[in-house]
Amino acid sequence: MSDFESLELRGVGRRFGGVDALAGLDLTIRAGEFVALLGPSGCGKSTALNCLAGLLPLTHGEIRLDGRRIDTLPPERRGFGMVFQSYALFPHLSVEKNVAFGLQMQGVPRAEIGSRVRAAIDLVKLGEHAKKLPGQLSGGQQQRVAIARAVVLEPSLVLMDEPLSNLDAKLRLDMRTEIRRLHQSLGLTTIYVTHDQEEALSLADRLVVMREGRVQQVGTPDELYESPASWYVADFMGYRNILPATVVAASGGEAVVELAGAADGGVRLTGRAVGALSAGDRVRVAVRPEDLHVGSTGGGGSTSGGAGVIPGTVSVVEYHGREFAVGVQAGDTMLHARAATAPDVGGAVTLTAPVDRVLVFPESLDAVVPQAQEVAA
Amino acid sequence: MSSAGRATASLRHRLAERGIDSTLFLLVPGLVVAVALFVYPFSYGIGLTIQPTAAMREQWGGGALANYVAFFRDPFVFDSVWLTMRLALPAALFNVLASVPVAMVLRHRFRGKRLLTSLLVLPITLGTVLTAQGLLIFAGRQGWINRVLLELGMIDEPLKLVNNYLGVMLSLIITGFPFAFLLISSYLSGIDPSLEQAAKTLGAGWWQRFRRIVLPLLAPGLATTFVLTFVLAFSVFPSARLVGDAMGETRVMSLMAFRAFGEQNDYAMASTIALMMGAVELVVVVAVLGLRSLLYRGTTGGKG
């Protein structure tokens, strides 16, 4: 369905009243790819999508489809399908007519419209609701209409703006699978904006993590998950424990750091250094909850090969089915860990982690930007 | 407990179920005012219409209904229906249709938007008499328009812009347009802008977006706006007298009612004309709202 080779964004930027909502976005998207733009609200991901759709004019850069410049075309001439966060279904038109709208605009013959609309509605399994108005459908059904309306045109590119954010958790999972299925079975090229890293990791072939209008890192889910380029990206990739610290010593890709604000006496950890670090640098240490092992204080001696020992007090225990999520208060900071058995709340524990599971990042995020782009290249 | 059919809750709950609770007291002030200032005078007026003067009975027959016979039989009176319609319908139509493109443009953000909006809405504050006064000065025989055109040699004698149909029409537009514009602006802001964006990405040009998306969603609002501006224009009185041709082409119904009341001291006939005025308005309002009920009237997705 994607009848192009590559879509190229070069230095795309958008300023709103003197503020860069999006700056210097360089990205090449190959046909058939599923690319997710990931970041918190205000990071520029939706701006990027709207610029691509033509709904926002660019202030910098250009967009080329197979070398042909398209950023000068109005949105109605770009031929991209778009799925809006609010679905933006035409409330006065039935499901059928919503889906047929784009085909009618293209002047497709009536008979062909009928069959293509039916096929698209069947594809999203809404056959029995074809005559209903959007207001009579549930959120998930409306979402499927929005998708059918976008894909019925067989667009070269489908843009999705947080399409699942208005759905409840269970439906979100179902629709996630549905979107991935449609992407694969129709051979679509999809750009997907989200703030949910799980959604991005599970759907996308490639992720673009953004912050304050700039790209932080581009890579496959695996690359980002295993080797985030900055603590900001790590934060998005499930490193829930992000701790400020100072480098004590650094050598051979490893760094010894002293945690700030931990229990008195100073807690030292050894971790994998990401980027060049030297003693005295302010850093952030990132550890996933599932990599933090909860042990009892009495145990002792089990720290060999570990990154170090963080003493603390259990303050929260949540039941998560196969395991327990444990909140441990260590000095001023709350650390998140997992445990197979529930420790006593208020009990003293120690937290340990393997050295290669503790990532040490420079504190400044601006410094890592060049490196992030290196990864992207 | 086999109380499938019978509610067992307390009386208080059962009353609340039917909307009867202490908040109903909030209706009291409104009801008192409505009865004192509308229901009673209105009923009294209806009563007056079936107590025609002896002269009317004599002239038109029909007994107690002599005033109604007079209304329909006397061309001098009955023609005023047409004369009023001829002003109110085009004025309301123009106000609604002209407001749509202006309101569409003013949805977007641009420099000077607030100033422009204020200028468009300002005439609301003027009142009809001041508007009429302004029109006389501006567009009268010795007004600025005529003086400028004469000086420029574009016309040989002053254009007749006031003291006729045109003068009243201008006045109705000046006073009615801001209302229509404000109403339509608020209806437009109730339409989710992402609907138009979606239509754009689906390949619709501006006319198709307007015709297929905005207009159908706006239409019920247009109908309501039309009804309101029509009623406003239909009851035209000061401008019909001040900038119109009160005994000729702008001999509107309210003028006829005033004439019966003020000049002929025939309260009964004045009430009859006033009542018929209401009846004509009601016919138009019901017709328009009837058409409106055929349109889509659900949510328009916006902020409302």
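The figures follow:
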{"quantity": "Test for A:Ala130: is it more than 14 Å from chain B (Cβ to nearest Cβ) and in contact (Cβ under 8 Å) with a residue 12 or more places away in the chain", "calculated": "yes"}
{"quantity": "Test for B:Leu161: is it part of a loop (DSSP other than H, G, I, E, B), surrounded by 18 or more Cβ atoms within 10 Å (Cβ to Cβ) and either among the acidic types (Asp, Glu) or touching a helix residue (DSSP H, G or I) at 6+ places or on another chain (Cβ under 9 Å) (or both)", "calculated": "yes"}
{"quantity": "The listed residue being within 14 Å of chain A (Cβ to nearest Cβ) and either at pLDDT below 90 or surrounded by fewer than 22 Cβ atoms within 10 Å (Cβ to Cβ) (or both), out of B:Trp206, B:Trp144", "calculated": "B:Trp206"}
{"quantity": "Residues being polar (S, T, N, Q) and assigned to a strand (DSSP E or B) - total across the range A:14-71", "calculated": "1"}
{"quantity": "Yes/no for B:Pro216 being within 14 Å of chain A (Cβ to nearest Cβ) and either under 12 Å from the mean Cα position of the chain (by Cα) or surrounded by 20 or more Cβ atoms within 10 Å (Cβ to Cβ) (or both)", "calculated": "no"}
{"quantity": "Selected residue [without any contact (Cβ under 8 Å) to a residue 60 or more places away in the chain, more than 18 Å from A:Ala204 (Cα to Cα) and away from chain B (no Cβ under 14 Å)] from A:Gly17, A:Gly54, A:Gly67", "calculated": "A:Gly67"}
{"quantity": "Among the candidates B:Phe179, B:Phe237, B:Phe230, residue that is at pLDDT 95 or above and under 22 Å from the mean Cα position of the chain (by Cα)", "calculated": "B:Phe230"}
{"quantity": "Members of the range A:265-280 found to be crowded, with 20+ Cβ neighbours inside 10 Å and in a loop (DSSP other than H, G, I, E, B), listed by number", "calculated": "A:Val267, A:Val274, A:Leu277"}
{"quantity": "Unique residue being among the aliphatic types (A, V, I, L, M) and touching a strand residue (DSSP E or B) at 6+ places or on another chain (Cβ under 8 Å) when the list is B:Ala223, B:Ala198", "calculated": "B:Ala198"}
{"quantity": "A:Leu93 vs. criteria hydrophobic (A, V, I, L, M, F, W, C) and under 26 Å from the mean Cα position of the chain (by Cα)", "calculated": "no"}
{"quantity": "Checklist (1) at the interface with chain B (Cβ under 8 Å from one of its Cβ atoms); (2) among the charged types (D, E, K, R); (3) not in a helix (DSSP H, G or I) applied to A:Glu76, failing item", "calculated": "(3)"}
{"quantity": "Long-range neighbours under 9 Å by Cβ, at least six apart or interchain, first residue closer than 13 Å to B:Arg107 by Cα within the range B:185-205, second in a strand (DSSP E or B)", "calculated": "B:Gly190/B:Gly301; B:Ile191/B:Gly301; B:Asp192/B:Gly301"}
{"quantity": "Strands (runs of 3 or more DSSP E) contained entirely in the range A:111-215, each with at least 3 residues that are under 18 Å from A:Tyr87 (Cβ atoms)", "calculated": "A:157-161, A:190-194"}
{"quantity": "Any hit, the range B:274-291, residues being in contact with a Phe, Trp or Tyr (Cβ under 8 Å, 6 or more places away or on another chain), away from every other protein chain (no Cβ under 14 Å), closer than 30 Å to B:Ile50 by Cβ and buried (at least 20 other Cβ atoms within 10 Å of the Cβ)", "calculated": "yes"}
{"quantity": "Qualifying residue in the range B:246-260 (condition: touching a residue at least 12 places away in the same chain (Cβ under 8 Å) and either within 13 Å of another protein chain (Cβ to nearest Cβ) or among the β-branched types (Val, Ile, Thr) (or both))", "calculated": "yes"}
{"quantity": "Among the residues listed as B:Ser186, B:Ser171, the single one being among the polar types (S, T, N, Q), buried (at least 22 other Cβ atoms within 10 Å of the Cβ) and part of a helix (DSSP H, G or I)", "calculated": "B:Ser171"}
{"quantity": "Extreme residue, nearest to A:Leu49 (Cα to Cα), among residues of the range A:82-107 that are crowded, with 22+ Cβ neighbours inside 10 Å and more than 7 Å from every other protein chain (Cβ to nearest Cβ)", "calculated": "A:Val83"}
{"quantity": "Condition check for A:Glu290: more than 19 Å from A:Gly347 (Cβ to Cβ), outside any loop (DSSP other than H, G, I, E, B) and at pLDDT 85 or above", "calculated": "yes"}
{"quantity": "The listed residue being among the aliphatic types (A, V, I, L, M), closer than 27 Å to A:Leu65 by Cα and more than 14 Å from chain B (Cβ to nearest Cβ), out of A:Leu153, A:Leu188", "calculated": "A:Leu188"}
{"quantity": "Some residue of the range A:13-25 being within 21 Å of A:Pro155 (Cα to Cα), surrounded by fewer than 22 Cβ atoms within 10 Å (Cβ to Cβ) and out of contact with any Cys (no Cβ under 6 Å at 6 or more places or on another chain)", "calculated": "no"}
{"quantity": "Members of the range A:119-139 that are more than 21 Å from A:Leu153 (Cα to Cα) and aliphatic (A, V, I, L, M)", "calculated": "A:Leu137"}
{"quantity": "Single residue of the range A:318-358 satisfying the filter (over 30 Å from A:Glu254 (Cβ atoms) and among the aliphatic types (A, V, I, L, M)) that is nearest to the chain's Cα centre (by Cα)", "calculated": "A:Ala342"}
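The values are calculated or read from the model by the stated rules, or taken from the named source; none is laboratory data. Note that the structure is predicted; figures quoted are calculated from it, not measured. In this analysis, Cβ positions are derived from the backbone assuming ideal geometry, glycine residues included, and neighbour counts consider all displayed protein chains.
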